[in-house]
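The values are calculated or read from the model by the stated rules, or taken from the named source; none is laboratory data. All values derive from a computational prediction rather than experimental measurement. So basically every Cβ, Gly included, is an ideal-geometry build from the backbone, and we count neighbours across all protein chains shown.
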Amino acid sequence: MLDRRMLGRLLCYGVCGIALAYCSVAPSYQQLPPDTALLRLSMTLDGARLKPCRRLSAEELARLPANMRHAESCPRERADVRVRLIVDGELMVDETLPPRGLARDGAATLYRRLPLAAGTHRIEASVADDARRNTSPQVVARTVSLRAGQVLTIDFDREVEGVLFR
């Protein structure tokens, strides 16, 4: 026979189970609106060095402690990076990113989520590793067809030093 405590526990477990079952299906969550795809721009970029590396002379190497002797001296500070994204002729992202770190020697980072209507789009991404100079940026353009709910990531790969559409 069930005593009051046992009955109370069963009732509590039942109410919690029903609430859990309801919460797992009832609050409908939709990551993207219907007929919408997602363009994710995610980049980690090293800017160009502000000053070029230089070879050290024999006298300069001799003055350094043994553990600090390297054939070249390379200043750490890096330039700002410029990233642009154009979708169907419309400028969506145009940002100049500073390098991270106290010595301004780290990578610049960017992350943007851009919802797009499902369908065919012309996407052009450009990256310039030195925003100070008018160097020609690396530009990659693609025509892509996106389904509703699809996620397209635009990334920069250090290994191939190129903009990738994934």
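The table below lists the values:
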{"quantity": "Residue within region 58-78 that is outside any helix (DSSP H, G or I), at pLDDT 90 or above and of a type in the set (Asp, Glu) present", "calculated": "yes"}
{"quantity": "Leading residue by the ranking (nearest to residue 39 (Cα to Cα)) among those in region 133-166 that are among the β-branched types (Val, Ile, Thr) and part of a loop (DSSP other than H, G, I, E, B)", "calculated": "160"}
{"quantity": "Any hit, region 68-80, residues being of a type in the set (D, E, K, R), over 30 Å from residue 158 (Cα atoms) and either in contact with a strand residue (DSSP E or B) (Cβ under 7 Å, 6 or more places away or on another chain) or surrounded by 10 or more Cβ atoms within 10 Å (Cβ to Cβ) (or both)", "calculated": "no"}
{"quantity": "Sole exception among (1) assigned to a helix (DSSP H, G or I); (2) at pLDDT below 90 for residue 32, by number", "calculated": "(1)"}
{"quantity": "Checklist (1) touching a strand residue (DSSP E or B) at 6+ places or on another chain (Cβ under 8 Å); (2) in the same structural domain as residue 37 (by TED's automatic domain parsing) applied to residue 56, failing item", "calculated": "(2)"}
{"quantity": "Sole residue being free of Cβ contacts under 8 Å to residues at least 24 places away in the same chain, out of contact with any Pro (no Cβ under 9 Å at 6 or more places or on another chain) and not acidic (Asp, Glu), chosen from 61, 146, 152", "calculated": "61"}
{"quantity": "Some residue of region 5-21 being modelled with pLDDT of 90 or more, aliphatic (A, V, I, L, M) and assigned by TED's automatic domain parsing to the domain that holds residue 112", "calculated": "no"}
{"quantity": "Residue 130 loosely packed, with under 12 Cβ neighbours inside 10 Å and either part of a loop (DSSP other than H, G, I, E, B) or among the acidic types (Asp, Glu) (or both)", "calculated": "no"}
{"quantity": "Evaluation of residue 43 against (1) modelled with pLDDT under 90; (2) within 24 Å of residue 113 (Cβ to Cβ); (3) surrounded by 10 or more Cβ atoms within 10 Å (Cβ to Cβ) (one fails), failing number", "calculated": "(1)"}
{"quantity": "Pairs where the first residue, in region 1-25, is part of a loop (DSSP other than H, G, I, E, B) and the second is surrounded by 10 or more Cβ atoms within 10 Å (Cβ to Cβ), C-beta under 9 Å, 6+ apart", "calculated": "2/10"}
